[in-house]
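Peer 1: Dropping a structure here in structure tokens format, bear with me for questions.
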Amino acid sequence: MKLKINELTVFTEGDKTKQAIIFVHGFPYDHTMWNNQINYFKNDYYCIAYDVRGLGNSAVGDGQYTMEQYVDDLFEIINVMELSNPVLCGLSMGGYISFRAMEREQRIFKSVIFCDTKSQADSDEIKLVRANKIKQINTEGLAAFTNEFVAACFGKAFQSNSPDIFNKIKTRSTTYNPIGVKGALIAMLSRTDSTKFLPELKIPALLLAGEHDEMTPPTLMKELANIIPNSKFETVPNSGHMSPVENPDFVNKKIKEFLND
Ligand code: MLT
């Protein structure tokens, strides 16, 4: 089913009386990056995936976004859909939204899954890189930026072994509104750091990191898992930064084990 909530496009699969899982995508992608998980879990769970403001089919508006607004959007979806104790599952930017959502209201969630992400805010170096990316979009166009960025997200093996999937995702990223993409870059570079909160995160947490993820490497995610009390960490073999897309079988298995624990 497709719904509109607060200008956001929300997709659901499965029976709404079952345990809800909300999937939050990374940047610069949309809800379709979770297709493998939704197909796998839709018979046993109520699966919800939405397009983050500015990306996919959600409203772009003026492109002035903050991480707080992204979290407000998530809470609005939960309230309007009357979801009780959903599981939250976010990748990278979706993970930034999830960390901040935990910091604000962990009690409304059953558990949380962080894929290829981190709790730290952008360093000054990364802020400057983001500023250059915005300049690149303004001067060379969106495709020049997304082609480079998407290639850096996926592991080399996936790019050569699954060129059709990789190219489809890369092409899709060129179709977003540049105002929305730049807005997401600014929301990420201005986000707060949730690391100090992690010892207070008490609900069960699963952290997954692609073996070859250079953006949020397994060593970094393992360190985060070490300070989250009720957490499990897994390295996803044969994967870069997009582990749910690159190695869905392993990711689905680990999520299933975690949910059944
Ligand atoms: C993502 O996959 O969401 C991005 O790599 C996040 C980022 O640029 O920090």
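Peer 1: Once you've got the GNM for the chain with C-alpha springs shorter than 10 Å, pick whichever of CYS89, CYS115, CYS153 has the biggest mean-square fluctuation.
Peer 2: CYS153
Peer 1: What aspartates and glutamates does LYS202 reach when the alpha-carbon gap must be under 16 Å and sequence neighbours fewer than 8 apart in one chain are set aside?
Peer 2: GLU103, GLU105, ASP261
Peer 1: Sorted from largest down, give the three principal axis spans of the alpha carbons of the chain, whole angstrom values.
Peer 2: Projected onto the principal axes, the Cα atoms of the chain cover 49, 38, 37 Å.
Peer 1: GNM on the chain, C-alpha springs below 10 Å: top fluctuator among LEU142, LEU128, LEU198?
Peer 2: Looking only at LEU142, LEU128, LEU198, the biggest GNM fluctuation is shown by LEU128.
Peer 1: While we're looking at this one, here's another question. State the antiparallel share, in %, of DSSP beta bridges confined to segment 2-260, rounding to the nearest 5.
Peer 2: The antiparallel fraction comes to roughly 25 percent.
Peer 1: Output ³J(HN,Hα) for segment 226-237: one whole-Hz value per residue in order, computed from phi by the Karplus curve 6.51 cos²θ - 1.76 cosθ + 1.60 with θ = phi - 60°, and x for Gly and Pro.
Peer 2: Karplus-based 3J(HN,Hα) across segment 226-237 equals 4, 9, 9, x, 9, 10, 10, 10, 9, 8, 8, x Hz.
Peer 1: Using the Cα centre of the chain as the reference point, and only Cβ charges (+1 on K/R, -1 on D/E), how large is the resulting charge dipole? Debye, rounded to the nearest 20.
Peer 2: Result for the chain is approximately 140 debye, rounded to the nearest 20.
Peer 1: Okay, moving on. Loop-only check: which GluC sites (Glu not before Pro) in segment 76-177 are DSSP coil with at most 11 other Cβ within 10 angstrom?
Peer 2: Counting only loop positions with at most 11 other Cβ atoms within 10 Å, the GluC sites (Glu not before Pro) in segment 76-177 are GLU82.
Quick note: the coordinates plus some simple rules give every number you see, no bench work behind them. Since the structure is predicted, the reported quantities are computational estimates derived from the model, not experimental observations. When we count neighbours, we look across all protein chains shown, and the Cβ atoms used for this are built from the backbone with ideal geometry, even at glycine.
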